[in-house]
Amino acid sequence: MTRRRRKDGGTKTSSFGSPGRIGHDSSSFYASRLYEGQAKAKKVQYVENKIPAEFLDKIICSSSENMKELPDNSIHIMVTSPPYNVGKDYDDDLTLSEYLAFLKSVWKETLRVLVPGGRACINVANLGRKPYIPLASFIVDDMLDLGFLMRGELIWDKNTSASPSTAWGTWLSPRNAILRDIHEYILVFCKDTFTRENPQKRESTITKEEFLEYTKSVWQFSAVRAKKIGHPAPFPKELPYRCIQLYTFKDEIVLDPFIGSGQAAIAAIESGRHFVGYDIDEEYVRHANERISASAGQELFPLSKSRY
Ligand SMILES: C[S@@+](CC[C@H](N)C(=O)[O-])C[C@H]1O[C@@H](n2cnc3c(N)ncnc32)[C@H](O)[C@@H]1O
């Protein structure tokens, strides 16, 4: 199915190709039976409640299964990478269904605290090989079950920085050749409506070059070394930075319910946003607070300048 140009100059979904989408009318596509039973956007009023000042720009040392400090409809974006339950210091040894149920309770709280149209961006990798556990797919199922609207799936291509793993199974033999993942996912969802209202007329800070790059579904940037950051599984600041730039306005609030070393908070501050974080580990919270203080006044990326 491709697009053709309408009389009014816009394009329309059709069986044959047309070069681009201009004022595209996709109503027939979305009315097709393929979309029967799919979650639909709701007609909801935009509500935005204030977070008590004592919790704004703070990391709360408790489990994000219950984010009681945060009012409903108070967060503009959640961006996180969850604990993987694979034996890191902070991981419990849960069964897959116990683990997914734990994560789902955090996603449910996220749904409650996001403003209408607010985004949830989950960075996750699949696990194991024998067999491969498609964790990203299981999380998608749970998010859809909770009523989130899925917006897309980013592939984070870590090729340049991926460790040169030689766990390729049987060398030069099809007997048991094994894939070496050099990617992770960032799963993107939103609450209730596809479009974010902006009644306060807050500023968008994304540059033209960033917008052109970040709206592509494959992102390429390096991972960061755990030792350098002082946490077993940090993501690079660039990951939350891109999500924040793409999906929020200046001065809005970023939540990371598994904040670890504080990378999401630093990306939030350095791009002119606020943050709230949760972590159960006192030592990580102390370390993240130190890193956040040390980063004060630094710009993550010069917003005004092109990086390309
Ligand atoms: C993959 S790490 C996140 C790393 C983070 N993105 C960063 O860049 O440093 C997961 C974090 O979740 C925390 N955690 C585990 N269970 C938690 C829970 N129930 N509530 C809040 N945090 C939790 C762990 O202590 C760990 O720091």
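For residues that are near the ligand (Cβ under 6 Å from one of its atoms) and either in contact with a helix residue (DSSP H, G or I) (Cβ under 8 Å, 6 or more places away or on another chain) or in a loop (DSSP other than H, G, I, E, B) (or both), scanning just region 274-285, find the one that is nearest to LYS50 (Cα to Cα). The qualifying residue nearest to LYS50 (Cα to Cα) is ASP279. Taking the numbered list (1) at pLDDT 95 or above; (2) surrounded by 14 or more Cβ atoms within 10 Å (Cβ to Cβ) in turn, ASP251 passes all entries but (2). Within region 197-237, the set of residues being within 13 Å of the chain's Cα centre (by Cα), touching a residue at least 60 places away in the same chain (Cβ under 8 Å) and either surrounded by 13 or more Cβ atoms within 10 Å (Cβ to Cβ) or outside the structural domain of VAL285 (by TED's automatic domain parsing) (or both) comprises TRP219, PHE235, LYS237. For region 77-93, the criterion of being more than 23 Å from TYR185 (Cα to Cα), in a loop (DSSP other than H, G, I, E, B) and open to solvent by less than 20 Å² (accessible area, probe 1.4 Å) is met by no residue. When restricted to residues that are surrounded by 23 or more Cβ atoms within 10 Å (Cβ to Cβ) and within 17 Å of PRO82 (Cβ to Cβ), region 259-285 contains 12. Against the definition (out of contact with any strand residue (DSSP E or B) (no Cβ under 9 Å at 6 or more places or on another chain), open to solvent by 60 Å² or more (accessible area, probe 1.4 Å), modelled with pLDDT of 95 or more and among the hydroxyl-bearing types (Ser, Thr, Tyr)), how does SER97 come out, yes or no? Spelling it out, SER97 is indeed out of contact with any strand residue (DSSP E or B) (no Cβ under 9 Å at 6 or more places or on another chain), open to solvent by 60 Å² or more (accessible area, probe 1.4 Å), modelled with pLDDT of 95 or more and among the hydroxyl-bearing types (Ser, Thr, Tyr). Can you tell me which residues in region 232-259 are acidic (Asp, Glu) and farther than 12 Å from HIS76 by Cβ? Scanning region 232-259 gives GLU238, ASP256. Filtering LEU103, LEU111 for residues that are part of a helix (DSSP H, G or I) and touching a Pro at 6+ places or on another chain (Cβ under 8 Å) leaves a single hit, LEU103. Filtering region 255-273 to residues that are within 12 Å of the ligand (Cβ to nearest atom) and either part of a helix (DSSP H, G or I) or hydrophobic (A, V, I, L, M, F, W, C) (or both) leaves LEU255, PHE258, ILE259, GLN263, ALA264, ALA265, ILE266, ALA267.
Number of residues in region 168-191 that are surrounded by 10 or more Cβ atoms within 10 Å (Cβ to Cβ) and either among the polar types (S, T, N, Q) or more than 17 Å from the chain's Cα centre (by Cα) (or both): the value is 10. Annotation: of all residues in region 40-76 being away from the ligand (no atom under 16 Å from the Cβ) and outside any loop (DSSP other than H, G, I, E, B), the one that is most open to solvent (accessible area, probe 1.4 Å) is GLU54. If the condition is being under 21 Å from GLY152 (Cβ atoms) and away from the ligand (no atom under 11 Å from the Cβ), then region 81-121 contributes LYS104, TRP107, THR110, LEU111, LEU114, VAL115, PRO116, GLY117, GLY118, ARG119, ALA120, CYS121. If you filter region 19-39 down to residues that are open to solvent by 70 Å² or more (accessible area, probe 1.4 Å) and in a loop (DSSP other than H, G, I, E, B), you find that the one that is nearest to the ligand (Cβ to nearest atom) is GLN38.
Taking the criterion of being of a type in the set (Gly, Ala, Ser) and away from the ligand (no atom under 16 Å from the Cβ), the residues of region 204-232 that qualify are SER204, SER217. Taken as a whole, region 169-187 holds no residue that is over 24 Å from GLU109 (Cα atoms), polar (S, T, N, Q), touching a residue at least 60 places away in the same chain (Cβ under 8 Å) and assigned to a loop (DSSP other than H, G, I, E, B).
The values are calculated or read from the model by the stated rules, or taken from the named source; none is laboratory data. These numbers come from a predicted model, not from an experiment. Reconstructed Cβ throughout: ideal geometry from the backbone, glycine too, with neighbour counts over all protein chains shown. Only protein heavy atoms, including side chains, enter the accessible area calculation; ligands, DNA and RNA are left aside. Shrake-Rupley method; radii C 1.70, N 1.55, O 1.52, S 1.80 Å.
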